[in-house]
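Q: Dropping the structure in here first, questions after.
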Amino acid sequence: MKTKRPSLTGPKKSPALFRAGQDLPLLYTSPHYLILNKPSGLAVHPGPRTSDSVETRLVPHPRGGPWLVHRLDRDTSGCLLIARRKTALIAAQNAFTQRHVQKTYWAIVNGLPPGEEGNITAPLKKHTTSAGWRMVSDPKGEHAETHWRLLTHQNGKSLLELDLKTGRTHQARIHCAILGTPILGDSIYGHPHTDGLHLLARGLTLPLTDEVLTATAPLPERFLAVFSHTPQF
């Protein structure tokens, strides 16, 4: 009987997800998906003046990918879903299209909203001028719906939980401004802040046939610094 020789190379290492020195925190990982905790200030795509991004930090797979399933604004932090295989990308995109995904945002806003919770249904349309572009509420725009809930209020600032029923560009930001409580640090729909935009993609849940993707992003330091005591949630 032949004796099996021990391996001289040791256990096989898992392929690297990120380029050397460019790791991003992981909230969920499986053979098909990753959910990253994207930091504020990091773009998801590279651009003419942007070399560092989520896409450029990921190590390409020989058969293609990984792919971003959706996107977050540069200044929004939190849950960002990545598909590691093309079939996984298609399955997740279909779930987004069919609105099977639950996206929860937390935002620190200026002022106090009119009540404990409510819905905003303001159609949104992109408006471009020589000075740049922004989203505006327009009856001819795309349907956009956000459910909001007041979590706490201190020192003239409120912490809102936002359940985005649709996923329009800048939806959370402009809907908060329409509510009369612009997000702290929103330079487009409110006023700049030294610590940037206080908008967090707090939670992401996506039920698929083979697995249920779910993750919760921790509160960043800029959130914790606003209130005199940390809300317990």
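Q: Roughly how many Å² of Val59 are accessible to a 1.4 Å probe, to the nearest 10?
A: 50 Å²
Q: Ignoring ligands, DNA and RNA, what accessible area per residue does the chain give at 1.4 Å, in Å²?
A: On the way: 13250 Å² over 233 residues.
Result: 57 Å² per residue.
Q: Starting from the 7 Å offset along Cα-to-Cβ, what nm value, one decimal, do you get for the label separation of Glu55 and Asp163?
A: 3.3 nm
Q: Name the trypsin sites (Lys or Arg not before Pro) in the stretch 108-172 that are in a loop by DSSP and that have at most 12 other C-beta atoms within 10 Å, would you?
A: Sparse-neighbourhood loop trypsin sites (Lys or Arg not before Pro): Lys140.
Q: With +1 on each Lys and Arg Cβ and -1 on each Asp and Glu Cβ, how big is the dipole of the chain about its Cα centre, in debye rounded to the nearest 20? Please list the in-between numbers first.
A: Details: 28 positive and 17 negative charges, 270 e Å.
I would put it at about 1300 debye.
Q: Restricting to Cα pairs below 8 Å that are 6+ residues apart, what does the relative contact order work out to for the chain? Please round to a whole percent. Show your work: numbers first, answer last.
A: Details: 471 pairs, mean separation 41.9, N = 233.
The value is 18 percent.
Q: Then there is this: Considering only DSSP states other than H, G, I, E and B, which trypsin sites (Lys or Arg not before Pro) in the stretch 70-123 qualify as loop sites with at most 12 other Cβ atoms within 10 Å?
A: Working: sites: Arg71, Arg74, Arg84, Arg85, Lys86, Arg99, Lys103; in loops: Arg71, Arg74, Arg84, Arg85, Arg99.
The qualifying sites are Arg99.
Q: Which residues does a label at Thr216 reach in the stretch 90-109, if reach means a backbone N under 18 Å from a point 7 Å past the Cα toward the Cβ?
A: Zone members listed by number: 102-108.
Q: Taking 24 Å as the cut-off for C-alpha to C-alpha distance, list the pairs among Lys140/Lys165; Lys86/Lys126; Lys126/Lys165; Lys86/Lys165; Lys126/Lys157 that go past it. Before the final figure, lay out the partial values.
A: Details: Lys140/Lys165 19 Å; Lys86/Lys126 30 Å; Lys126/Lys165 19 Å; Lys86/Lys165 26 Å; Lys126/Lys157 28 Å.
Lys86/Lys126; Lys86/Lys165; Lys126/Lys157, as the Cα separations exceed 24 Å there.
Q: Before anything else, pin down the relative contact order of the stretch 108-233: Cα pairs under 8 Å, at least 6 apart, normalised by residue count, whole percent.
A: Once divided by the residue count of the stretch 108-233, the mean separation gives 21 percent.
Q: For His153 and Ala20, what does the FRET efficiency come to when R0 = 35 Å and r is the distance between their Cβ atoms, rounded to the nearest 0.05?
A: 0.20
Q: On to the next question. Can you give the local net charge around Pro46? Use residues other than it whose beta-carbon is closer than 9 angstrom to its beta-carbon, Lys and Arg +1, Asp and Glu -1. Walk me through the intermediate numbers first.
A: Values: positive: none; negative: Asp52, Glu55.
Here the charged neighbours net out to -2.
Q: So what are the radius of gyration and Dmax for the Cα set of the chain, in Å?
A: 20.3, 81
Q: Which residue, chosen from Ala92, Leu199, Ala225, occupies the Cα position most advanced towards the positive end of the dipole of the stretch 79-232, where the dipole is computed from +1 (Lys, Arg) and -1 (Asp, Glu) charges on Cβ about the Cα centre?
A: So the residue furthest toward the plus end is Ala92.
Q: For the stretch 12-88, which whole percent of the accessible surface, found with a 1.4 angstrom probe, sits on carbon and sulfur atoms? Don't skip to the answer; put the middle values down first.
A: Details: 2230 of 4260 Å².
The computed percentage sits at 52.
Q: Okay, helix-only estimate at 222 nm for the chain: each DSSP H run of n ≥ 4 adds -39500 (n - 2.57), divide by all residues, round to 500 deg cm²/dmol; what do you get? If you can, show how the numbers build up before the last one.
A: Details: 4 runs with 28 residues, N = 233.
Rounded to the nearest 500, the figure is -3000 deg cm²/dmol.
Q: On a 1.4 Å probe surface of the protein chains, which of Val136, Val54, Val212 comes out largest in accessible area, and what is the full order? Mind showing how you got there, number by number?
A: Values: Val136 45, Val54 0, Val212 85 Å².
Sorted by accessible area, descending: Val212, Val136, Val54.
Q: Which three semi-axes in whole Å describe the equivalent ellipsoid of the stretch 99-145, each the square root of 5 times a Cα gyration tensor eigenvalue, listed largest first? The partial results should precede the final answer.
A: Details: eigenvalues 112, 54, 31 Å².
So the equivalent ellipsoid measures 24, 16, 12 Å along its semi-axes.
The values are calculated or read from the model by the stated rules, or taken from the named source; none is laboratory data. Please read all numbers here as calculations on a predicted model, not as lab measurements. When we count neighbours, we look across all protein chains shown, and the Cβ atoms used for this are built from the backbone with ideal geometry, even at glycine. Just the protein is used for accessible areas: all its heavy atoms, side chains included, with ligands, DNA and RNA removed. Shrake-Rupley method; radii C 1.70, N 1.55, O 1.52, S 1.80 Å.
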